[in-house]
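First comes the structure, then the notes that go with it.
The values are calculated or read from the model by the stated rules, or taken from the named source; none is laboratory data. Quick caveat: nothing in here was measured; it's all calculated off a predicted structure. Note that each Cβ is placed from the backbone with ideal geometry, even for glycine, and that neighbours are counted across all protein chains shown.
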Amino acid sequence: MSLEYENDGALHAKLIEEVLSQYPDKAAKRRKKHLNVAKSGDEASREGEVLSECDVKSNIKSIPGVMTIRGCAYAGSKGVVWGPVKDMVHISHGPVGCGQYSWSQRRNYYVGTTGIDTFGTMQFTSDFQEKDIVFGGDKKLEQIIDEIEELFPLNKGITVQSECPIGLIGDDTEAVSRKKAKEIEKTIVPVRCEGFRGVSQSLGHHIANDAIRDWVFEKKDVAFEDGPYDVNVVGDYNIGGDAWASRILLEEIGLRVVGNWSGDATLAEIERAPKAKLNLIHCYRSMNYICRHMEEKYGIAWMEYNFFGPSQIEASLRKIAKHFGPEIQEKTEQVVAKYRPLVDAVIAKYRPRLEGNTVMLYVGGLRPRHVITAYEDLGMVIVGTGYEFAHNDDYQRTAHYVKNGTLIYDDVTGYELEKFIEGVRPNLVGSGIKEKYPVQKMGIPFRQMHSWDYSGPYHGYDGFAVFARDVDLAINNPVWGLFEAPWKRRPSQGRAMAAE
Amino acid sequence: MPQSAEKVLDHAPLFREPEYRKMLAEKKLNFECPHQDQVVADQGEFTKTWQYREKNFAREALVINPAKACQPLGAVFAAAGFERTMPFVHGSQGCVAYYRSHLSRHFKEPASAVSSSMTEDAAVFGGLKNMIDGLANTYQLYDPKMIAVSTTCMAEVIGDDLHSFIENAKEEGSVPRDFDVPFAHTPAFVGSHVDGYDGAVKGILEHFWKGQERTEALGTINIIPGFDGFCVGNNRELRRLLDLMGVSYTFIQDASDQFDTPSDGEYRMYDGGTKIQDVRNALNAEATLSLQRYNTRKTLEFCEEAGQVTASFHYPLGVQATDEFLLEVSAISGKEIPEAIRLERGRLVDAMADSQSWLHGKKYAIYGDPDFVYAMARFIMETGGEPTHCLATNGTQAWEGEMKELLASSPFGKEAQVWAGKDLWAMRSLLFTEPVDLLIGNSYGKYLERDTGTPLIRLTFPIFDRHHHHRFALMGYQGGLRVLTSILDKIFDKLDRDTGETGVTDYSYDLTR
């Protein structure tokens, strides 16, 4: 259900020029490479081609002082990849803040008895003090691991998520982990995700992936009877239950999801991953590394898919089914047919209320491209999109999704985003908590697209209905009509002005 | 199929549907390698025991669910309380994303701050270049009147020197020579957000006051509110009281407008805050009063050195704490406390008298920042309640001493215990082994409410899962009324729930209470 439209590239080019003119020269020169207007959607859709149409420089250091929206490597590892593994205790190793600010904020849902056999919505920290900085924290870490064992004996393992000071003071968390793992006979994973490493969350994802490879795989005998339709879902963090709304579909088409990474995951699901037949990867950015590793080492193929919105869900289900052959393909067609009435009803209800509304996005790993078609399924138009921490391969993949003239911004600054939104005046902005309130003050509806604004799921058919409802309630709420005080209204607008 | 377009089910009801329950049960059984249910249940029960509590309290290194944040958060909050001031945090950039998110989630408002975005090379060579470029970019893009610099732990560990860096940046022309760039070193591995607040405010006062001649203006007062998630309601309420008295006062640090901008189509990056000129003039005030002692220890010392009279309070709310605050203001300013305020006081006392039968003897657990816990314990005792557990993760020994003195001053504090430096996992054990009727804290307390069944009243920062509470004052007599009502609502709601079963308990489901 591809929507045909073109964006106002000339306006967008002008907006880029305007924001750049406000920077000091040195910064303007650097920022220029990150801003662009997408060209020629037709060429962009040719499969397999390396595209440069919405090419911008990416995965480069942020400029100091400009209000980047990015986070850090710790956020990428503890916050994204490792944090959701529910039956392990994740230590935020260093001062108290990092763990505190990220505590329970990502909404990666899980089922379990928190504090007893699962630990997701808890904040474990070594709460570094000055003496730990001066004398090192390795001894403290050993003691922490003992105390975790004492108080939370049902944990299946521990990860050590390093914060900035750890790498700077030369602690050897690897040695401690090795030693204590032997002692307590459990998996302990040191993750070198100090926040100053790399340029964004992205390196944290990579380091976290490498830690799975180096500290989990092939460390234990995994007793597991594999089957012909075993898949891992990789890069679904179960925000608001996304992974569950996806799993139900994959099971319905006849597949066996033997591991979900890492939303609602257990350590066992990670350990057995190399036994699966196919890795299905949703968030390519944060977990492609381990998929590539599993392909090289264990010969497991991996496949990207997109479960946002019916067009992509349908296409993805068919692509996945094709990999497994006729039996699965047949079931897939039944599943697509089963959900068709729901999709039709959702679109019939919401499309008339949303048709033609414009959207600007600025999010993280996969969403700046993956959600585009979901909006288009509702008749909405994407006028601008950008990533916090994408690499070049993400922008290549984005070209398949965006239309000619779309405004593209990489590692956007607070200033740029505000000016772009002011200039474009979209009907909806989808971004994060830091962006939400400035945008709403301007009178523009907003949805948080990291946390689903405390809603969700948005994946799968069940999620699409929630997504459509949420977009509708954001845009069509009466509050947006109340911003102007009637006595401030210009006479031509207001019926309140009595005739003389 | 549970989902439909007519009645869209989001996560809360959706996953309770049979299809999903079955799916999740099978996932657990077949793929999660779970512990046996009995083992989990036994461990769950064990955590409720005294034996577990002893293990829990024997912890020396591990901190679980602390009720404190790190210094730079306090510094960023402090900076937000000055006119057109951009908080600039020198160090790793992820930290700033966290502070901004944390403040926005509580206030439901924009929270601006910039980072000098130091990475590995800066860790090796120092962050001077980041400071030079960063100040230039912030100055040009965001048009601030002042840039208030603080640090993340990364910059502290490598030992970057803010004073010389800022001087260097000025030499390089990043900002004009006379542009105000106060600073504070705010290591995250020392103290907590309340100390970061202290350092940042002191840094700003030092910047403007050092080397200046002081001409004492008798009767004028500076007020420093401290780190306060309820600043929006509180600062405005205090201003109202001070205006009623006709006092000449200056708030030093006031984020009440910054974190409460209107929706009228315009995004204000900066709003309100203490005017730069007023900060300069504040040197001449006769006295500086701190509303939260543990937020301003260093700042008040500095004010004393500058020649001012100082006094500090513990988050003045309720009857006697408000009395003391007003008396002090009256003594310094020479202004009488007007009849209108006496009537307000009487109305709070009247409300407390009306409701005393529901409050007398109720047991409470209270946690939060040191001054807040002190204030709540004091007010609870005024209502005839017993503050059984008083916990501050960032509470010092001095605080513990002050608390014990307070609790000893009333028969209602006799059974009370003070827990300095303990966390909310310790509180969990306390609530299981020595239960109370009500828990007072912030949103993190919801996990304690879930696990122990103790009703939670959210009265302090951060409150993420309830909206707009922070817009209403807790301080003063009016604020006391608000606290009182919040407590009573919780008590009555619970009583109604507990007596609401038709034909079983509803004889006690009284219409009038």
(request) State whether the residues of region A:126-141 include one that is over 21 Å from the mean Cα position of the chain (by Cα), facing another protein chain (nearest Cβ under 7 Å), assigned to a loop (DSSP other than H, G, I, E, B) and on the phi > 0 side of the Ramachandran plot. (result) yes
(message) Among the numbered criteria (1) in contact (Cβ under 8 Å) with a residue 60 or more places away in the chain; (2) assigned to a helix (DSSP H, G or I); (3) under 23 Å from the mean Cα position of the chain (by Cα); (4) within 25 Å of A:Tyr110 (Cβ to Cβ), which one does A:Trp302 miss?
(response) (2)
(message) Condition first: under 18 Å from B:Phe227 (Cβ atoms) and outside any helix (DSSP H, G or I). Now tell me which residues in region B:282-309 satisfy that.
(response) B:Thr288, B:Leu289, B:Ser290, B:Leu291, B:Gln292, B:Thr296
(request) Among the candidates B:Val175, B:Val157, single out the residue that is in contact with a Leu (Cβ under 6 Å, 6 or more places away or on another chain), within 12 Å of chain A (Cβ to nearest Cβ) and buried (at least 23 other Cβ atoms within 10 Å of the Cβ). (result) B:Val157
(request) Residue by residue through region B:28-41, note down the ones that are within 7 Å of another protein chain (Cβ to nearest Cβ) and either touching a residue at least 12 places away in the same chain (Cβ under 8 Å) or more than 40 Å from the chain's Cα centre (by Cα) (or both). (result) B:Phe31, B:Cys33
(request) Would you list the helices (runs of 4 or more DSSP H) that sit entirely within region A:379-465 and hold 1 or more residues that are under 17 Å from the mean Cα position of the chain (by Cα) and within 14 Å of chain B (Cβ to nearest Cβ)? (result) A:433-441
(request) Of all residues in region B:437-453, count the ones that are touching a strand residue (DSSP E or B) at 6+ places or on another chain (Cβ under 7 Å), within 11 Å of another protein chain (Cβ to nearest Cβ) and surrounded by fewer than 19 Cβ atoms within 10 Å (Cβ to Cβ). (result) 2
(message) Condition first: outside any helix (DSSP H, G or I) and touching a residue at least 24 places away in the same chain (Cβ under 8 Å). Can you find one or more residues in region B:327-335 that meet it?
(response) yes
(message) I'm trying to understand the selection: among the residues of region A:95-104, which are at the interface with chain B (Cβ under 7 Å from one of its Cβ atoms) and in a loop (DSSP other than H, G, I, E, B)?
(response) A:Pro95, A:Val96
(message) What are the pairs with Cβ atoms under 6 angstrom where one residue, in region A:177-205, is within 18 Å of A:Val85 (Cβ to Cβ) and not assigned by the TED database to the domain that holds A:Val81 and the other, located anywhere, is among the acidic types (Asp, Glu) and outside any loop (DSSP other than H, G, I, E, B)? Sequence gap at least six, or different chains.
(response) none
(message) Condition check: part of a loop (DSSP other than H, G, I, E, B) and more than 9 Å from chain A (Cβ to nearest Cβ). Does B:Lys48 satisfy that?
(response) yes
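Per-residue answers, yes or no, for (1) in a strand (DSSP E or B); (2) free of Cβ contacts under 8 Å to residues at least 12 places away in the same chain; (3) out of contact with any Cys (no Cβ under 9 Å at 6 or more places or on another chain); (4) of a type in the set (A, V, I, L, M):
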residue: B:Pro387; (1), (2), (3), (4): yes, no, yes, no
residue: B:Trp399; (1), (2), (3), (4): no, no, yes, no
residue: B:Lys404; (1), (2), (3), (4): no, no, yes, no
residue: B:Ala426; (1), (2), (3), (4): no, no, yes, yes
residue: B:Leu430; (1), (2), (3), (4): no, no, yes, yes
residue: B:Ile440; (1), (2), (3), (4): yes, no, yes, yes
residue: B:Lys446; (1), (2), (3), (4): no, no, yes, no
residue: B:Thr460; (1), (2), (3), (4): no, no, yes, no
(message) Checking the conditions here, which among B:Phe464, B:Phe412 is in contact with a Ser or Thr (Cβ under 6 Å, 6 or more places away or on another chain), aromatic (Phe, Trp, Tyr) and under 30 Å from B:Ser290 (Cα atoms)?
(response) B:Phe464
(request) May I ask you to say which residue of A:Thr118, A:Thr113 is within 18 Å of A:Asp264 (Cα to Cα) and facing chain B (nearest Cβ under 9 Å)? (result) A:Thr113
(request) Identify the single condition in (1) part of a helix (DSSP H, G or I); (2) more than 11 Å from every other protein chain (Cβ to nearest Cβ) that A:Asp470 does not satisfy, given that it satisfies every other one. (result) (2)
(message) Looking at region B:7-25, can you tell me whether even one residue there is among the hydroxyl-bearing types (Ser, Thr, Tyr) and within 7 Å of another protein chain (Cβ to nearest Cβ)?
(response) yes
(request) Go over the candidates A:Ser311, A:Ser286 one by one and state the one that is in contact with a helix residue (DSSP H, G or I) (Cβ under 7 Å, 6 or more places away or on another chain), crowded, with 19+ Cβ neighbours inside 10 Å, modelled with pLDDT of 95 or more and part of a helix (DSSP H, G or I). (result) A:Ser286
(request) Select from region B:477-507 the residues that are more than 22 Å from the chain's Cα centre (by Cα) and crowded, with 17+ Cβ neighbours inside 10 Å and list them in ascending order. (result) B:Leu488, B:Ile491
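Results for (1) under 25 Å from B:Met146 (Cα atoms); (2) assigned to a helix (DSSP H, G or I); (3) outside the structural domain of B:Arg105 (by the TED database); (4) at pLDDT below 95, shown as yes or no for each residue.
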position	(1), (2), (3), (4)
B:Asp257	yes, no, yes, no
B:Asp271	yes, no, yes, no
B:Gln277	yes, yes, yes, no
B:Arg280	yes, yes, yes, no
B:Ala311	no, no, yes, no
(message) surrounded by fewer than 24 Cβ atoms within 10 Å (Cβ to Cβ) and either over 23 Å from B:Met1 (Cα atoms) or within 14 Å of chain B (Cβ to nearest Cβ) (or both): is that true of A:Arg318 in this structure?
(response) no
(message) When the residues of region A:142-152 are narrowed to those that are in contact with a helix residue (DSSP H, G or I) (Cβ under 7 Å, 6 or more places away or on another chain) and not hydrophobic (A, V, I, L, M, F, W, C), which ends up nearest to the other protein chains (Cβ to nearest Cβ)?
(response) A:Glu150
